[in-house]
Every structure is written in C-alpha cells, then in structure tokens.
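Peer 1: Please see the structure below; I have some questions.
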Amino acid sequence: MAAQQAAREVILKRFLGISRNGISARYCHSGMKTEINKLLIANRGEIACRVIRTARKLGIKTVAVYSDADKNSLHTTMADESYNIGPAASQLSYLNKQKIIDVAKLSQAQAIHPGYGFLSENAEFADLCEKENIIFVGPPSSAITDMGIKSTSKYIMSAAGVPIIGGYHGEDQSDTRLKEEAGKIGYPVMLKAVRGGGGKGMRIVPTVSDFDEALASARREALKSFDDDVMLVEKFVENPRHVEVQVFGDKHGNYVYLFERDCSVQRRHQKIIEEAPAPDLPEEVRREIGEAAVRAAKAVNYVGAGTVEFIMDTNHKFYFMEMNTRLQVEHPVTEMVTSTDLVEWQLQVASGAKLPLNQDAIKLRGHSFEARIYAEDPTNNFLPGAGPLWHLEPPVADANTRIETGVREGDEVSTFYDPMIAKLVVWSHDRQSALDKLRQHLEDYHIVGVKTNINFLSTLASHKEFQAGEVHTEFIPLHNDSLFPTSKKLSPQVLCQAALALILNEQQEAVKLASIDTDPFSPFGCGNGVRINEYLRRQIHLNDGDDQVKINVTYKANGSYDMEIDDESFEVFGKLKVTGRVSIMEHTINGQRQAVKVALYNNAVHVFAQAGGIEIGLPTPEYLEDSSSGSMGDRAPMQGDITHVYVQPGAAVEKGDPLLAMESMKMEYIIKAPRKGIIKDILVAKGDNIQKNAALVAYQKDEK
C-alpha cells in the first residue's frame with residue numbers, strides 16, 4: 001500500500017506538479033522554482049468555497065477573507081484561516097487591495113486566487129501582487145488591461161483575425177457625441193461600459209427617445225461598479241445567441257480551448273441558465289469558434305483560465321463581444337463535459353507548470369446544464385430580494401449533480417452582494433436526459449424565507465422551445481406570456497393541504513402547551529376540536545393571489561375533516577411528522593393518499609410536492625393592517641441606496657415616468673410612477689439607505 005502511494009506521488013509530481021504539501025512547479029516564467037502550499041481566496045460565497053474544495057484536495061492550506069457582513073459565512077469556516085478585512089460595503093473590504101495584500105503577507109500565503117468579480121479583473125491588483133512577490137492566480141496585468149477595456153480589445157481582436165461587430169469606441173465621451181454616433185449606427189443600439197461585465201453598465205436602447213435616460217443610468221452603474229463611466233456604442237444584434245469559449249494558456253506558450261457554452265437565456269443581461277456544449281452547433285462551427293478564441297488569447301499573451309464571449313446570429317456567424325479574464329461563474333458545465341477541474345488547472349499554471357492536456361487530448365463528453373438559484377421575484381421583473389434562508393433543502397448531490405453554494409440553512413441573503421444562493425449543475429449522456437435531470441432537481445430544491453426563481457427555472461426548462469434548443473438572448477421577453485402565464489387559481493387539493501397543515505400545526509402547539517400546563521386534564525390542552533353532542537365548525541381564510549378563499553371546516557369524531565370550498569366538499573385526514581423546520585404531512589383527500597412537505601413561515605403556508613413549491617398566504621387581520629399604505633405614496637420594492645431623484649415636490653407625473661433610481665445587489669433600478677398624479681413630497685434623498693416597503697414619495701390627496 002505504501003509503495004502504491006509512493007508511486008502515485010511520483011506520477012503526480014512528474015506529470016501534474018502536485019505534491020502532498022501543495023503544487024510544485026518545476027520552473028515558473030522567470031525560471032525560478034515556485035511552490036504553492038498556502039492560498040488566499042480574495043472572494044466570498046460559493047466561488048470561495050469552490051476554490052477551497054480543490055485546494056484541500058491538492059493539500060494546499062487556505063486563507064479566507066471576510067467583511068463584517070460575512071463573519072459567519074460558510075467560506076470562513078471551510079478555510080484553514082480567516083481574516084476580517086472591513087465593513088460590509090465591498091469598496092471597504094473585498095475591493096480593498098492593500099488590506100488583502102496585508103492579509104496575504106500576514107498569513108504567509110504564496111498565492112492569491114481572486115475568484116470572479118471584485119478584484120479578479122483588476123490589473124492594478126495583479127501588479128500589486130507581483131510587486132509583493134505573491135502569485136496572482138490569473139493572467140498578467142497587461143492581458144487584463146488589453147481585454148478589460150472593450151474599445152481596446154476590439155482593435156486587438158480585429159488585428160488577430162477574430163470577427164468583430166462595428167460600433168463607436170472613441171475617446172470623445174460627451175453625451176452629445178455618443179448620441180450622435182448611436183444615430184449613425186442606427187437603432188436599436190447597445191451601450192456598454194468599457195470596463196463592464198456581468199451585465200452592469202449595459203443598456204439596450206430601442207429608440208432615440210430612450211437614449212438620454214439609458215446613458216445616464218448606465219454611466220451611474222458603471223461608475224459605481226468599475227469606478228469608470230466610459231462607454232462604447234454598438235449595433236444591437238436582435239435575438240442573437242450568446243456563445244462563449246473556455247480557453248486556457250500557460251507560461252510556456254501552450255493554448256487550448258475546452259469547447260463552448262451557450263449562455264443565451266438571460267434576464268437583465270445576466271445569465272440564469274447555461275449549458276455545454278451549445279445545442280445544434282455544427283462541428284465545423286465548433287472548431288472555428290474554438291480556434292478563434294485561442295487566437296484571441298494568443299493575441300494578448302494570455303495565461304490561465306479565460307472566456308472569450310461571442311454573439312452568434314441565426315446563420316452561425318459569430319462576432320467577438322468581450323473576453324472575461326477570469327474564471328466564469330458557469331465554469332462547472334465545462335468541467336462536467338470535459339472531465340476536468342479548472343481550478344486545479346489554474347493553480348498548476350499559476351505555479352509555472354505546463355497545461356495538463358493538449359488540444360487533441362480534450363474530449364467532449366455528454367451534456368451539462370447549470371441553473372443559477374437566485375433570491376429574486378421573477379413575477380416582479382426579477383427584482384432581487386434579501387432575507388433569511390429559514391429553510392434550505394437542496395437536492396442530493398452525486399457524481400453527476402453538483403450544488404455549488406456558499407450558504408447554509410439559517411444564513412442571510414445580504415443586500416450588499418449578489419443575491420445568488422447556489423448553482424445547480426447536472427450532467428447526463430445527452431441534452432434531453434440532462435434537461436430531465438435538471439427539471440427533477442429543481443422540483444426537489446426547497447427554500448423558505450426569500451422569494452426565489454426556482455419555479456421560474458422549472459417552467460423555463462420545460463418550455464418546448466427551450467427543450468428544442470431554440471435559445472437566444474431575447475428568449476424570456478419573446479416567450480413572456482408562456483413563461484409568465486396568467487395566474488391560475490389554486491387547486492382545491494392545494495387549499496385543503498394548506499388548511500390541513502394549519503389545523504395539524506395548531507394541534508401540535510396545543511399538545512406542547514398541555515405538556516407544561518399544571519392541569520393535564522384541561523380541555524384547553526386538546527386541539528382535536530372534540531365537542532359534546534356536536535361537531536366543531538370553523539372557517540379558515542387563505543389568500544389565492546389577490547383573492548381570499550373561505551374554507552368551511554367540520555371536525556369529525558374519527559379525526560378527519562370535512563372541508564367545503566365553493567360548494568365542493570372534501571373528506572380530509574392527515575398527520576404531521578416534524579423533521580426540523582419543515583414537516584412531512586401524510587394525508588388523504590377524498591381517498592387519495594399523498595405525502596408532501598409543509599412549513600409555516602412569515603404568515604404563509606409553504607407546500608412542497610412533486611410539482612415544486614407553492615406559497616399560500618394567510619390574510620392579515622384587519623386590526624394589523626397599515627392604513628397609511630396605499631394611495632398616499634409609492635414604496636421601495638427592496639432594500640437599497642437611493643442614487644438619483646428625478647422629480648421634485650409639485651411635479652406632475654404620468655404613469656411610467658421615472659421617480660427615483662436605487663441600487664441594490666450591485667444593480668441600479670429605476671422606480672417609475674404607477675399612476676398619474678401630483679407629487680406632494682419626496683420622502684427620501686440621494687444617498688439614503690432605505691428598507692423594503694419604505695415610503696418614497698407622497699401624492700397629493702385629490703389625485704387618484
């Protein structure tokens with residue numbers, strides 16, 4: 001056994017540069033031998049946990065950094081060491097270059113992995129690492145600079161023979177010049193922050209009348225996210241596909257591509273579901289786009305993991321969009337179809353080793369999907385949310401199913417950072433079976449505490465056009481009616497389940513009270529509704545959307561219940577088995593047996609069945625209703641910071657006019673007037689941090 005282990009380590013050292021104590025490269029770019037046995041992850045959440053898992057597998061010690069808001073986060077407990085780097089605001093913590101360098105030196109970490117976002121594409125940070133003799137697990141700063149400024153990257157790509165799309169990338173950044181160039185290009189156009197990424201600082205401008213507001217909003221968002229509001233204007237290709245290629249380069253001049261991903265289905269210009277390989281892509285196009293991506297990487301002497309993004313028209317013609325000089329959020333789908341660990345490759349390359357595989361050795365295998373689970377409300381324009389993960393039950397992970405997350409049950413989704421809860425990644429032998437597995441696991445994903453996009457993702461994955469692979473960036477708007485069908489009334493079965501859950505929960509609470517009562521024979525300790533010579537009858541009220549449903553319930557002597565809904569009667573029986581914060585409710589409705597999971601939280605009953613989760617609200621008692629809400633003002637849809645005020649007291653507004661702009665979850669949102677009226681007062685100011693449902697403006701009383 002010892003001999004086998006020794007032989008294994010010899011092979012690892014010789015071919016992969018891995019030792020039990022970390023990754024040892026024979027020679028780095030400078031010719032000096034280097035070794036990584038302690039790694040600092042300059043990030044948070046699921047990507048920090050992802051990097052820690054691979055580092056642990058390789059025997060590398062890890063160092064986590066965290067803000068005040070993240071002091072109890074999962075990544076801090078997974079790492080071998082963790083250090084506080086400041087307040088919750090990312091500018092004072094995760095974007096503070098010097099603090100992170102100081103922690104690296106204090107902890108004696110030889111390398112820093114930036115993850116994605118934050119400092120991952122910051123050339124100044126890469127230079128600072130080099131100055132301090134710390135390995136930056138990423139490309140050289142020159143590549144970050146060349147590809148990070150979109151106008152510069154377009155020129156470089158054109159010279160390298162990579163197809164590009166035309167537009168204005170000039171130095172004159174006046175609003176007038178940008179608007180003039182947009183007119184020359186022809187609407188619709190796309191505004192992009194030159195240092196942008198992740199959909200931030202990006203706006204589609206349909207007509208000239210939309211230009212001024214879109215430009216102002218894009219500039220503010222870009223300045224907040226990248227400290228740079230320089231923009232470029234490009235022709236917007238309608239209904240394109242978003243196809244990106246994973247590339248890798250090492251310090252020895254070797255380059256490969258690990259095939260493509262299709263990330264076309266997006267909301268707010270941000271991806272929510274990705275797959276690899278791209279569906280219905282001819283093999284010739286697959287090879288051409290891969291080779292174009294490698295030319296892009298070579299043009300900037302790229303080292304490490306990078307993603308070259310293209311837009312593709314209906315004829316499979318592709319055009320360079322941008323290069324992300326970091327590991328992408330969606331990298332797991334590439335790992336699943338190529339049987340690789342891209343973080344392991346990053347660490348090997350950063351330490352000076354050659355790429356583990358050449359192009360011919362990289363094989364495409366099966367199909368993989370990734371669905372991003374967000375705290376957001378798809379029915380309210382995907383408005384991001386925040387709050388506690390009161391109950392969190394993901395599907396069971398296995399060799400072909402990954403749950404990439406940085407949170408646990410009881411954690412909070414913070415307003416300070418991206419609202420992604422997890423990434424659900426699946427693999428199977430072909431696209432259809434992978435899609436079937438994705439849908440099943442989405443139905444098995446149970447979350448209580450915040451609104452999520454899980455049901456929407458399930459609907460999306462079941463859409464006939466998505467199943468056929470007919471994907472493009474306008475998929476959600478084009479299929480809006482079928483993805484967001486008119487709300488159907490809750491079925492009588494679901495209403496009976498919710499009512500039964502309330503009744504059985506009341507009985508359990510009564511039993512608990514009886515156990516501490518001094519009179520064990522008190523009738524008040526019995527919740528079964530037994531009466532002498534008659535049955536208990538009561539009415540339970542439930543919310544079905546904007547409507548209220550009345551359920552007449554009769555308690556029977558045998559422990560069952562007669563429930564009447566709209567003159568239709570149901571015989572119901574059941575019992576609860578508590579399994580933590582949720583309970584398993586075994587029940588029969590008119591003789592049909594079923595088991596569902598139920599939870600009571602925040603004035604609602606949550607029912608999880610085979611078709612997914614349903615939230616049934618409970619009416620608020622009249623004496624608790626806030627009489628000040630409603631027509632007198634508009635309220636904040638989420639917690640965030642006010643970034644701009646468009647109106648003043650006395651202003652006349654029409655429905656849809658912009659009132660304010662606010663930033664939450666690193667994105668800016670325009671709050672628009674829900675109706676015509678006269679503004680009486682502005683209740684907030686620029687820079688205010690406001691809570692969800694806070695009053696923003698007040699209308700004059702005589703305007704309805």
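Peer 1: Evaluate the stretch 190-198: report whether one residue or more is part of a helix (DSSP H, G or I), open to solvent by 50 Å² or more (accessible area, probe 1.4 Å), in contact with a helix residue (DSSP H, G or I) (Cβ under 8 Å, 6 or more places away or on another chain) and within 28 Å of Ile47 (Cβ to Cβ).
Peer 2: At the first step, the residues of the stretch 190-198 found to be part of a helix (DSSP H, G or I) are none.
No: the stretch 190-198 contains no residue that is part of a helix (DSSP H, G or I), open to solvent by 50 Å² or more (accessible area, probe 1.4 Å), in contact with a helix residue (DSSP H, G or I) (Cβ under 8 Å, 6 or more places away or on another chain) and within 28 Å of Ile47 (Cβ to Cβ).
Peer 1: Is the stretch 298-318 home to any residue that is aliphatic (A, V, I, L, M), at pLDDT 95 or above and open to solvent by 10 Å² or more (accessible area, probe 1.4 Å)?
Peer 2: Yes.
Peer 1: Check Ile18, Ile85, Ile41, Ile36 and return the single one that is of a type in the set (Val, Ile, Thr), crowded, with 18+ Cβ neighbours inside 10 Å, modelled with pLDDT under 50 and in contact with a helix residue (DSSP H, G or I) (Cβ under 7 Å, 6 or more places away or on another chain). Break it down stepwise before answering.
Peer 2: Working: Ile85 fails: modelled with pLDDT under 50; Ile41 fails: modelled with pLDDT under 50; Ile36 fails: modelled with pLDDT under 50.
Of the residues listed, the single one that is of a type in the set (Val, Ile, Thr), crowded, with 18+ Cβ neighbours inside 10 Å, modelled with pLDDT under 50 and in contact with a helix residue (DSSP H, G or I) (Cβ under 7 Å, 6 or more places away or on another chain) is Ile18.
Peer 1: I would also like to ask the following. Can you confirm whether Pro658 is open to solvent by less than 50 Å² (accessible area, probe 1.4 Å) and touching an Asp or Glu at 6+ places or on another chain (Cβ under 8 Å)? Full working, then the answer.
Peer 2: Details: open to solvent by less than 50 Å² (accessible area, probe 1.4 Å): yes; touching an Asp or Glu at 6+ places or on another chain (Cβ under 8 Å): yes.
Taking the combined requirement at face value, the residue satisfies it.
Peer 1: Moving on. When you check Ala371 against the structure, is it part of a strand (DSSP E or B) and in contact with a helix residue (DSSP H, G or I) (Cβ under 6 Å, 6 or more places away or on another chain), yes or no?
Peer 2: Yes, satisfied.
Peer 1: Something else: Which of the numbered conditions does Lys437 fail, given that it passes all the others? Conditions: (1) more than 18 Å from the chain's Cα centre (by Cα); (2) under 28 Å from Val237 (Cα atoms); (3) not small (Gly, Ala, Ser).
Peer 2: (2)
Peer 1: I need a count of the residues in the stretch 50-76 that are part of a helix (DSSP H, G or I), touching a helix residue (DSSP H, G or I) at 6+ places or on another chain (Cβ under 6 Å) and either of a type in the set (Asp, Glu) or more than 15 Å from Asp411 (Cα to Cα) (or both).
Peer 2: Residues that pass the stated criteria total 3.
Peer 1: Grab the strands (runs of 3 or more DSSP E) fully contained in the stretch 540-624, keeping just those with 2 or more residues being closer than 22 Å to Ala510 by Cα. Don't jump to the end; show me each part of the working.
Peer 2: Working: elements: 547-555, 561-565, 568-578, 583-589, 592-600, 604-609, 612-617.
Passing ranges, in order: 547-555, 561-565, 568-578, 583-589, 592-600, 604-609.
Peer 1: For the stretch 455-502, enumerate the residues that are over 30 Å from Gln432 (Cα atoms), in a helix (DSSP H, G or I) and open to solvent by 60 Å² or more (accessible area, probe 1.4 Å).
Peer 2: Gln493, the sole residue that qualifies.
Peer 1: Ok, one more. Any residue that is part of a strand (DSSP E or B) and open to solvent by less than 40 Å² (accessible area, probe 1.4 Å) - is there at least one of those in the stretch 206-227? Can you show your working first?
Peer 2: First pass over the stretch 206-227, keeping only residues part of a strand (DSSP E or B): none.
No, the conditions are met nowhere in the stretch 206-227.
Peer 1: Listed residues Asn301, Asn315; which is assigned to a loop (DSSP other than H, G, I, E, B) and touching a helix residue (DSSP H, G or I) at 6+ places or on another chain (Cβ under 7 Å)? Even if it seems obvious, please write down each step before you answer.
Peer 2: Values: Asn315 fails: touching a helix residue (DSSP H, G or I) at 6+ places or on another chain (Cβ under 7 Å).
Only one candidate qualifies: Asn301.
Rundown of residues vs (1) under 16 Å from Leu500 (Cβ atoms); (2) surrounded by 13 or more Cβ atoms within 10 Å (Cβ to Cβ); (3) among the acidic types (Asp, Glu), yes/no style:
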{"position": "Tyr535", "(1), (2), (3)": "no, yes, no"}
{"position": "Ile540", "(1), (2), (3)": "yes, yes, no"}
{"position": "Asn543", "(1), (2), (3)": "no, yes, no"}
{"position": "Val549", "(1), (2), (3)": "yes, yes, no"}
{"position": "Asn552", "(1), (2), (3)": "yes, yes, no"}
{"position": "Tyr561", "(1), (2), (3)": "yes, yes, no"}
{"position": "Glu564", "(1), (2), (3)": "yes, yes, yes"}
{"position": "Lys577", "(1), (2), (3)": "yes, no, no"}
{"position": "Val582", "(1), (2), (3)": "yes, yes, no"}
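Peer 1: Still on this model: Could you tell me whether any residue of the stretch 113-130 is open to solvent by 10 Å² or more (accessible area, probe 1.4 Å) and more than 20 Å from Asp228 (Cβ to Cβ)?
Peer 2: Scanning the stretch 113-130 turns up at least one residue that is open to solvent by 10 Å² or more (accessible area, probe 1.4 Å) and more than 20 Å from Asp228 (Cβ to Cβ).
Peer 1: From (1) modelled with pLDDT of 95 or more; (2) open to solvent by 60 Å² or more (accessible area, probe 1.4 Å); (3) in a helix (DSSP H, G or I), pick out the condition that doesn't hold for Gln346.
Peer 2: With respect to (1) modelled with pLDDT of 95 or more; (2) open to solvent by 60 Å² or more (accessible area, probe 1.4 Å); (3) in a helix (DSSP H, G or I), Gln346 is out only on (2).
Peer 1: Further question on the same structure: Taking the condition surrounded by fewer than 19 Cβ atoms within 10 Å (Cβ to Cβ), modelled with pLDDT of 95 or more and among the aliphatic types (A, V, I, L, M), does Val285 pass? Walk me through how you get there before you give the answer.
Peer 2: Values: surrounded by fewer than 19 Cβ atoms within 10 Å (Cβ to Cβ): yes; modelled with pLDDT of 95 or more: yes; among the aliphatic types (A, V, I, L, M): yes.
Judged against the criteria, Val285 is a match.
Peer 1: If a residue has to be among the hydroxyl-bearing types (Ser, Thr, Tyr) and closer than 14 Å to Ser264 by Cα to count, how many in the stretch 466-483 make the cut?
Peer 2: Of the stretch 466-483, the ones among the hydroxyl-bearing types (Ser, Thr, Tyr) are 473, 482.
So of that shortlist, the ones also closer than 14 Å to Ser264 by Cα come out as 473.
Final tally of qualifying residues: 1.
The values are calculated or read from the model by the stated rules, or taken from the named source; none is laboratory data. All of these numbers come straight from a predicted model, not from anything done at the bench. Cβ sites come from the backbone with ideal geometry, for glycine too, and all protein chains shown count toward neighbours. The protein model used for the area step is the full one, side chains on, heavy atoms only, and it has no ligands, DNA or RNA in it. Shrake-Rupley method; radii C 1.70, N 1.55, O 1.52, S 1.80 Å.
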